[in-house]
1. Is it the case that some residue within the range 293-312 is within 22 Å of the chain's Cα centre (by Cα), more than 16 Å from ligand 2 (Cβ to nearest atom), over 22 Å from MET45 (Cα atoms) and not charged (D, E, K, R)?
2. State the number of residues belonging to the range 23-72 that are more than 15 Å from the chain's Cα centre (by Cα), away from ligand 1 (no atom under 12 Å from the Cβ) and within 30 Å of LEU314 (Cβ to Cβ).
3. Six or more apart or on different chains, Cβ atoms under 6 Å: show the pairs whose first residue is in the range 28-42 and on the phi < 0 side of the Ramachandran plot and whose second is acidic (Asp, Glu) and near ligand 2 (Cβ under 8 Å from one of its atoms).
4. Being of a type in the set (Asp, Glu) and at pLDDT 95 or above, is that true of even one residue in the range 323-335?
5. Would you confirm, using the coordinates I've provided, whether VAL274 is at pLDDT 95 or above, in contact with a helix residue (DSSP H, G or I) (Cβ under 6 Å, 6 or more places away or on another chain) and either at positive phi or more than 16 Å from ligand 2 (Cβ to nearest atom) (or both)?
6. What strands (runs of 3 or more DSSP E), lying completely within the range 59-160, carry at least 1 residues that are at pLDDT 90 or above and not basic (Lys, Arg)?
7. Only one of GLY281, GLY247, GLY269, GLY242 is surrounded by 13 or more Cβ atoms within 10 Å (Cβ to Cβ), in contact (Cβ under 8 Å) with a residue 40 or more places away in the chain and more than 23 Å from the chain's Cα centre (by Cα). Can you tell me which?
8. Taking the range 309-332, which residues are outside any loop (DSSP other than H, G, I, E, B) and either among the β-branched types (Val, Ile, Thr) or farther than 21 Å from HIS189 by Cα (or both)?
Amino acid sequence: MNLSHLSLKDFRNFDQLDLTLGPGLFLFQGENAQGKTNLLEAVAMLATSNSFHASSDREIVNWHASERVTRIVAAVQRHNEEVNIEIVIFDPTQQEKGSSAEREFQFIPPNDRQRKRLKINGVPKRAIDLIGQVTVVRKIVAQRSALLKRIRENQEDPRMLDFLDEKLTELATMITFERRRMVDSLNQHVDELQAIISGGREHLTIIYRPSFLIEPAWDSMETLQNYRAQLLDARRKEIRQGVCLLGPHRDDLEFLVNGVNMLTYGSRGQQRTVALASKLGELAFMRTVTGEEPILLLDDVFSELDFSRREYLLRQVLRHEQVLITATDFARFPEEILAKAHQYRVASGEVIQC
Ligand SMILES: Nc1ncnc2c1ncn2[C@@H]1O[C@H](COP(=O)(O)OP(=O)(O)O)[C@@H](O)[C@H]1O
Ligand SMILES: [Mg+2]
């Protein structure tokens, strides 16, 4: 998959941007606060229509835009066909009455906080909820925590928990198995990737730590029953604290490099390497699941890496179909890699090819 064209209108600090891309390595150089991260944020939004930074879509609309409407229009090449994506985001709080933007959005219900429209090949779509299942569990966890608090205040009978516990154990078991499967398949890639970027010095293992006890040999029925029993054991404590203590929302991952926990003992460069190996591992995993090579976005990841890790990483990413990389400078990068790349400069919300 590759992004062949991107145009932005009033997206963060971009007034207007038109970029023609395609397969290959794209380097975006610029000083701090020029729009590098904003540019990658726009590309990432094409995957989910949600920002990974903004707490509300409104933040994305350029402050200086008179009409307070953002447009992201893109053409993506997938399996030899072109997909056109258009995302329009509207900030209703700053709208002049009767403006053309307001008229365009007047059919969106006033309580719809998203204020966003998505079209794929010209056809209106709903933002596909990629983490649907997790959202459902979160809902149960929230309901359960609210119930725990009411039980604590003696406003509800503890037996009311049984019904929610039944739903939670079923979904949690499913998610736990799915997560374990994903971590297993990530582990098939990350060890090699960590070794590549670190020049053979480091080995990485990711360990999945569910919030409740599971023996690896248990099947889903045994897991479900044991989880239910653990929830019952924890019930008094949960009621006392008024929070849900055991469940997928409390699961954890550990990253071990040569057996050492990176969260506690990793150097910045090692932690960065772990993050990169995990990201590249995730792309490899997605490629096997979807049969499609995702676009690789690397935002400012080089500053903490030494020269040899930079070089190993670049050689590795060159194998991807399309890679977009930002940095404040590319001065200490191998010449022959720079020669293969399309280079751009980002300054004050403008992108100029070098
Ligand atoms: N909605 C917005 N309208 C206008 N400017 C914005 C908006 N949101 C963020 N900015 C500005 O964009 C600038 C560039 O941000 P960023 O892309 O993170 O910089 P960098 O090049 O360092 O990655 C910041 O100075 C920020 O204040
Ligand atoms: Mg940045």
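1. So far as the range 293-312 goes, no, none of its residues is within 22 Å of the chain's Cα centre (by Cα), more than 16 Å from ligand 2 (Cβ to nearest atom), over 22 Å from MET45 (Cα atoms) and not charged (D, E, K, R).
2. Total meeting the criteria: 6.
3. THR37/ASP299; LEU40/ASP299
4. No, that holds for no residue.
5. Yes, satisfied.
6. 69-78, 81-90
7. Sole residue among the options that is surrounded by 13 or more Cβ atoms within 10 Å (Cβ to Cβ), in contact (Cβ under 8 Å) with a residue 40 or more places away in the chain and more than 23 Å from the chain's Cα centre (by Cα): GLY242.
8. VAL317, VAL323, LEU324, ILE325, THR326, ALA327
The values are calculated or read from the model by the stated rules, or taken from the named source; none is laboratory data. On a predicted model such as this, the values are computed, not experimentally measured, just so you know. Ideal geometry is used to build each Cβ from the backbone, glycine not excepted, and the neighbour counts take in all protein chains shown.
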